[in-house]
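As structure tokens, the structure follows; a few thoughts come after it.
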Amino acid sequence: MKKVKIAILGMGTVGGGTYDILTKNIDIIMKRVGIDYEISAILERRMEVIDAHGADHALVTQDIDSILDGDTDIIVECLGGIDFPVSIMKRALENGIGVVTPNKAAVAANYDLLREAAEKGGAELRFEAAVGGGIPILTTITDQLAQNNFTEILGILNGTTNYILTKMTKEGEDYETALKEAQAKGFAEPDPTADVEGIDTANKLCILMTLAMDHYVNPRTIPTTGITGVTPEDIEAAKERDSVIKLIAKAENVDGNITYEVKPTEIPMSHPLAEVSNEFNAIYLNGDAVGELMFYGKGAGALPTGSALVADILAIMKDIAK
Ligand code: HSE
């Protein structure tokens with residue numbers, strides 16, 4: 001049987017986590033999925049991150065053309081940014097190469113363009129890792145829950161801001177210290193403005209609404225307030241009301257009228273979302289057939305996000321094998 005060739009573009013936190021899972025867990029993956037694969041190329045300039053993961057220098061290239069025009073079956077896009085990765089993903093999809101990505105900003109802003117490229121090239125585009133880190137929420141919505149009309153989505157979708165708010169609430173840490181910790185742990189975006197201003201959460205809500213409510217809106221049109229205005233006094237006042245402040249993404253569908261927003265919200269301690277702490281994310285859904293559901297797990301970090309990327313890689317590998 002053919003060996004599936006996987007190229008990793010970018011060995012940062014998430015690309016590195018994906019590499020680690022694909023190499024360390026190869027035996028269990030092979031046993032369960034029964035398809036042989038290899039990492040055939042790594043697009044990366046920083047040799048120190050290659051060495052940190054013990055990767056073979058012979059796999060490293062700076063030549064994207066050799067990856068996209070060669071015999072690559074799947075690319076793992078972990079480059080960050082929007083324009084360059086979108087151009088790479090579009091070209092790969094049009095060339096019939098499967099694409100997996102955690103890049104919510106790129107997918108949310110270019111959803112139609114990427115879907116059209118996938119259709120044109122007969123290739124798969126998967127982005128499970130873009131929402132909820134390791135929580136398999138998107139595939140669950142599109143596969144197991146496709147028969148539902150969703151009336152409500154409520155989520156804590158950003159690990160960095162949830163980490164900061166948790167540290168400020170439970171340990172009285174100041175905002176700057178908590179943000180630095182979240183950056184050091186690899187949760188934050190390269191420019192954490194996207195996290196703390198709620199932009200990352202809006203990108204994720206855009207993707208959730210598109211899949212669960214068949215309603216795409218440009219993420220820039222989602223009314224969005226981040227956590228930079230949340231003060232220790234706000235947190236103390238919420239505590240006095242037996243509540244906690246969380247950055248909440250919300251979408252509602254009332255008889256076809258869909259409303260949505262991202263903002264810091266007081267959540268009563270009796271609500272299950274109040275206990276979602278640190279980098280954990282949670283997504284609450286209400287479907288007309290299934291009723292209420294809640295999903296919980298690590299929303300950021302190398303291995304949880306890498307786990308979702310590898311799940312997408314395996315899904316494409318299975319389709320290639322068919
Ligand atoms: N910066 C993001 C977060 C990473 O903190 O949730 C995962 O999408």
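Residue check: is LYS24 over 27 Å from GLY122 (Cβ atoms) and modelled with pLDDT under 95? Against the criterion (over 27 Å from GLY122 (Cβ atoms) and modelled with pLDDT under 95), LYS24 does not qualify.
Among the candidates ASN103, ASN110, ASN148, single out the residue that is more than 30 Å from GLY70 (Cα to Cα), open to solvent by less than 40 Å² (accessible area, probe 1.4 Å) and modelled with pLDDT of 95 or more.
Values: ASN103 fails: more than 30 Å from GLY70 (Cα to Cα); ASN110 fails: more than 30 Å from GLY70 (Cα to Cα).
It is ASN148.
Taken together, ALA118, ALA55 contain a single residue that is within 22 Å of the chain's Cα centre (by Cα) and within 19 Å of ILE313 (Cβ to Cβ), which is ALA118. Scan the range 156-176 and tell me whether some residue there is within 12 Å of the ligand (Cβ to nearest atom), assigned to a helix (DSSP H, G or I) and under 14 Å from the mean Cα position of the chain (by Cα). Yes, the range 156-176 has at least one match. Restricting THR228, THR193 to residues that are surrounded by fewer than 22 Cβ atoms within 10 Å (Cβ to Cβ) and free of Cβ contacts under 8 Å to residues at least 12 places away in the same chain narrows the list to THR193. Only one of the listed residues (ALA202, ALA188, ALA146) is in a loop (DSSP other than H, G, I, E, B), touching a residue at least 24 places away in the same chain (Cβ under 8 Å) and either small (Gly, Ala, Ser) or touching a helix residue (DSSP H, G or I) at 6+ places or on another chain (Cβ under 7 Å) (or both). That residue is ALA188.
Restrict the check to the range 244-265 and report whether at least one residue is open to solvent by less than 70 Å² (accessible area, probe 1.4 Å), within 16 Å of the ligand (Cβ to nearest atom), touching a Leu at 6+ places or on another chain (Cβ under 7 Å) and among the β-branched types (Val, Ile, Thr). There is at least one residue in the range 244-265 that is open to solvent by less than 70 Å² (accessible area, probe 1.4 Å), within 16 Å of the ligand (Cβ to nearest atom), touching a Leu at 6+ places or on another chain (Cβ under 7 Å) and among the β-branched types (Val, Ile, Thr).
The values are calculated or read from the model by the stated rules, or taken from the named source; none is laboratory data. For clarity, every value in this text was computed on a predicted model and none was experimentally measured. As a convention, Cβ positions derive from the backbone with ideal geometry for all residues, glycine included, and neighbour counts pool all protein chains shown. Protein only, heavy atoms only, side chains kept; ligands, DNA and RNA dropped before computing areas. Shrake-Rupley method; radii C 1.70, N 1.55, O 1.52, S 1.80 Å.
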